[in-house]
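The values are calculated or read from the model by the stated rules, or taken from the named source; none is laboratory data. Small disclaimer: the values here were computed from a predicted structure and weren't measured. With ideal geometry, Cβ positions are generated from the backbone for all residues, glycine too; neighbour counts draw on all protein chains shown. Heads up: the accessible areas ignore ligands, DNA and RNA and are worked out on the full protein's heavy atoms, side chains in. Shrake-Rupley method; radii C 1.70, N 1.55, O 1.52, S 1.80 Å.
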Amino acid sequence: MTRKSAGRISDELAALDARTRYLTPIFGSEASDVAMPDKKINRKPIEPRIASEMIREYLSIEGNATQNLATFCQTYMEPAATQLMAENLEKNAIDKDEYPMTADLENRCVDIIGSLWNADPEEKPMGTSTVGSSEACMLGGLAMLFRWKKLADAAGVDRNAKRPNLVISSGYQVCWEKFCRYWEIDMRLVPIDEGHLSLNMDTVMNSVDDYTIGVVAILGITYTGKYDDVCTLDKLVGSYNRNHPSLPIRIHVDGASGGMIAPFLEPDLKWDFRLENVWSISTSGHKYGLVYPGVGWVIWRSKEALPEDLIFWVSYLGGEEATIAINFSRSASQIVGQYYMLMRNGFDGYKEIHQRTIDVARYMADEIGKMGLFEMLEKAERVPIVCWRLRKDANVPWTLYDLEDRLRMHGWMVPAYPMPENMRDVDVQRLVLRQDFSMPLAMLCIREMKKQIEVLNGARVVLAGGAGDDKVRNGFDHSGR
Ligand SMILES: *Cc1c(COP(=O)(O)O)cnc(C)c1O
């Protein structure tokens, strides 16, 4: 190597070094000056501190999760939990043979949650973790479909004559629509109405026939937070079954939110495996199971409830272990997180967290009720959900959608939406609280709501009074939307 060429190489290295030197401030770097890759991968690598900061900034302008009152999904876990989860990100939950201790924790979660739902170990309950309630509901639905096919064949029902059907309240979550569409099942909706904001017990059984694979009860209707009356449904289904012994109907409870609240706050409420026709229950671990998204759980009460066809066997510790989930690979960290939450909180911890969250939600419900403009549809009676509509005599020049927009401008996400089928002309606004929404935040949110209502009320003055009015300065024009 000549001196000259060696010099050139070291010059180049020095130049390279200067470009990427650690001393270069992140936002003084060349990389921070180029567009973030979009549609095509970039050719050159970018230093981690620069790439991560650019992405962090990019994400930072979307809403703040704590102020997102639209979601049931957890927006807080304590540092010890997130650290433990981060330490297990690389483990694949499906590798049960390779990670037997992780598999063991998953089984423990199934048993613990099953016991919260009063499953009887004598009946040999079975269950699995899932990505969330959607996968869990899909599995619950599939088990109903497979059981029905067998029973229908045995009973001599012509399965080709009609599509099977599933009976559910019109306040269902979209995962049930997916399930029915994927598997070509008729969704028999029991409409909710002003007098029945949950499954209508007077009419539900009218929808049931020989082609019904099952009835879904919802614990925490997403629209309003109401619980379906599973206990009454169980009685109705029980008497139907006595008259139809060859084609009995069973209940799946979609307890996405309520499934991890009711056991702690209303242990005497019978909605779970204490009812003989409740054959499967699903929940979202990432809602009131208090884990970050995505983990869910589905449990069947007995071996009979879960058709063999839905069970696959993988090798495990020299033997075999059942896998039931639809997804194959995913990180084990959510399962570890769920086990941590159960162990760390215990029964009393969950109860305290949920009770406190509900107390804050009830405070907000009271305050919103006191504003005199709204008819309260749900005041956090059972889950921390508050839901209201404008009073018919409110006589205000704005809608709930305007209020949603105004709150959004100030960071608060409180969605307004129309009620489902049969009540489409009714608009409601809903807020969902989680553990990290404390009383001081609730007070701030209420204060902002009052302020924005005043601004909205003033908007009419802008239109009527025209330019020159004080309110013009805030740039809000009600008519321009
Ligand atoms: C949230 C929810 C679902 C879907 O749950 P994911 O965990 O988000 O998949 C299903 N049913 C009900 C009643 C829900 O509230």
Inset, instruction - Grab the DSSP H runs of the chain that are 4 residues or longer, score each as -39,500 (n - 2.57), total them, divide by all residues and round the 222 nm result to the nearest 500 deg cm²/dmol. - result: -12500 deg cm²/dmol
Legend entry - Euclidean distance of C-alpha centroids, segment 381-439 and segment 161-188, integer Å: 28
Inset, instruction - State the percent of C-alpha pairs, over all pairs in segment 84-342, separated by a distance greater than 36 angstrom. - result: 11
Legend entry - Cβ-based charge dipole, the chain, positive-most Cα from S32, L89, S315: S32
Legend entry - Among I261, V278, G156 the positive-end extreme of the charge dipole of the chain (Cβ point charges): I261
Legend entry - Among T222, L456, Y172 the positive-end extreme of the charge dipole of the chain (Cβ point charges): L456
Legend entry - segment 354-462: projected area of the alpha-carbon convex hull, averaged over directions, in nm²: 7.0
Inset, instruction - Would you mind telling me the antiparallel percentage of the DSSP bridges in the chain, rounded to 5? - result: 65
Inset, instruction - Find how many whole Å separate the alpha carbon centroid of segment 30-103 from the alpha carbon centroid of segment 309-338. - result: 24
Legend entry - Dipole in debye (nearest 20) - segment 84-342, about Cα centre, beta carbon charges: Lys, Arg +1; Asp, Glu -1: 420
Inset, instruction - Give me the Debye-computed log₁₀ of I(q)/I(0) at q = 0.05, 0.10 Å⁻¹ for the chain, equal point scatterers on Cα only, no solvent, two decimals. - result: -0.26, -0.87
Inset, instruction - Could you please state how large a percent of the accessible area of segment 354-462 is carbon and sulfur, counting protein chains only and using a 1.4 Å probe? - result: 50
Legend entry - Cβ charges +1 (Lys, Arg) and -1 (Asp, Glu), total dipole of the chain, debye: 1080
Legend entry - Amide H within-cut-off set for N165, under 5 Å, with H built and near neighbours excluded: D186, T212, I213
Inset, instruction - In square nanometres and to one decimal, what's the mean projected area of the convex hull around the Cα atoms of segment 28-92? - result: 7.4
Legend entry - Cα gyration tensor, segment 415-456 - rounded (a/c under 1.5), prolate or oblate: oblate
Legend entry - Cα Rg, Dmax (largest Cα-Cα span) when computed across segment 155-241, Å: 13.2, 41
